[in-house]
1. Please go through region 63-108 and pick out each residue that is surrounded by 17 or more Cβ atoms within 10 Å (Cβ to Cβ) and among the polar types (S, T, N, Q).
2. Being polar (S, T, N, Q), assigned to a helix (DSSP H, G or I) and free of Cβ contacts under 8 Å to residues at least 60 places away in the same chain is the filter; apply it to region 79-137 and report the residue that is nearest to ALA192 (Cα to Cα).
3. When you go through (1) at pLDDT 70 or above; (2) not in a helix (DSSP H, G or I) one by one for PRO232, which number turns out not to apply?
4. Cβ-Cβ distance below 6 Å, separation of 6 or more or different chains: which pairs start in region 36-61 with a residue that is in contact (Cβ under 8 Å) with a residue 12 or more places away in the chain and crowded, with 16+ Cβ neighbours inside 10 Å and end on one that is assigned to a loop (DSSP other than H, G, I, E, B) and basic (Lys, Arg)?
5. Among (1) assigned to a helix (DSSP H, G or I); (2) within 30 Å of LYS37 (Cβ to Cβ); (3) modelled with pLDDT under 90, there is one condition ARG76 misses while meeting the rest; what is its number?
6. Right, ALA153: closer than 14 Å to LEU93 by Cβ and modelled with pLDDT of 85 or more or not?
Amino acid sequence: MQYVQDMSKAAKSPRATSTSDSQESAAGTRAAAQRLKMRRELAAAAMELFATKGYEATTVDEIAAAAGVARRTFFRHFRSKEEAIFPDHDDTLVRAEAVLNAAPPHEHPLDTVCRGIKEVMKMYAGSPAVSVERYRLTREVPTLREREIASVARYERLFTRYLLGHFDERDHHDGNDDPLLAEVAASAVVTAHNHVLRRWLRAGGQGDVEAQLDHAFAIVRETFGSGIGARPAQAPQGAQQAAQQTAARAASSAPAATASTEGGVLVAVARTDAPLDEVMRTIQQALRTD
């Protein structure tokens, strides 16, 4: 009978389960917000002490006391005092990854990565005065600078993995340049972002940083965009081989180079394996004909 009663209760469980899940989700959100609030308070205390006493002279105990918490509370949030002035990077990395995961299928992968790293700029732009002071400290203290470099590397690894996922996985072999292009493109996006960020911080957090970012990203997109795209649909192996053979025959029968003039403009098209002297002869012939 008890078993029957429990089954009866279980029949009513979907709504209860849904309510329970909602409550757990709300509780998790509140806990995350409280955690971030505490991290920021510890970071503010650390930065103030670093600025007044100096980085080397400041202890973890002093940071905890200034924030009104115990030493053990500090170490629940940070592993060291240099880590304390970067309270938002973990959460920002999660947000950046969420941007990548939610990207629409038609969006160019580089555009997605550029949107992802904008989460970092939002973090800095959310508290300009704090960001400017943090920038000053990282320039003065090598240990803090190293910590910042380590944070940058985490973003680069995230974006490299994402971009590499938009190549044909069967081409990931020794000698193939896809992994190199993905890593260089990811590094270029991060470098462009950091260049704009440093310029904005040196200006005291003033200026239209959004427009500056868009300009920098346009340069990256123009440089690397042609080699990265959505992963193509896979044709059957026989069809792929036939297409490759057809392309090879067409390439072998096509002239090494062609050139034409129209409206005072010369247009030359050459195979990548065309001899340079043949390309030059073709261009010269087109110019003489014109």
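The values are calculated or read from the model by the stated rules, or taken from the named source; none is laboratory data. In this text, all values refer to a predicted model and were calculated from it rather than measured experimentally. Here the Cβ is made from the backbone with ideal geometry for all residues, glycine too, and neighbour counts use every protein chain on show.
1. Answer for region 63-108, where residues must be surrounded by 17 or more Cβ atoms within 10 Å (Cβ to Cβ) and among the polar types (S, T, N, Q): just THR92.
2. The residue in question is THR112.
3. Unmet for PRO232, out of (1) at pLDDT 70 or above; (2) not in a helix (DSSP H, G or I): (1).
4. What qualifies is VAL60/LYS81.
5. With (1) assigned to a helix (DSSP H, G or I); (2) within 30 Å of LYS37 (Cβ to Cβ); (3) modelled with pLDDT under 90 applied to ARG76, the lone miss is (3).
6. Answer is yes for this residue.
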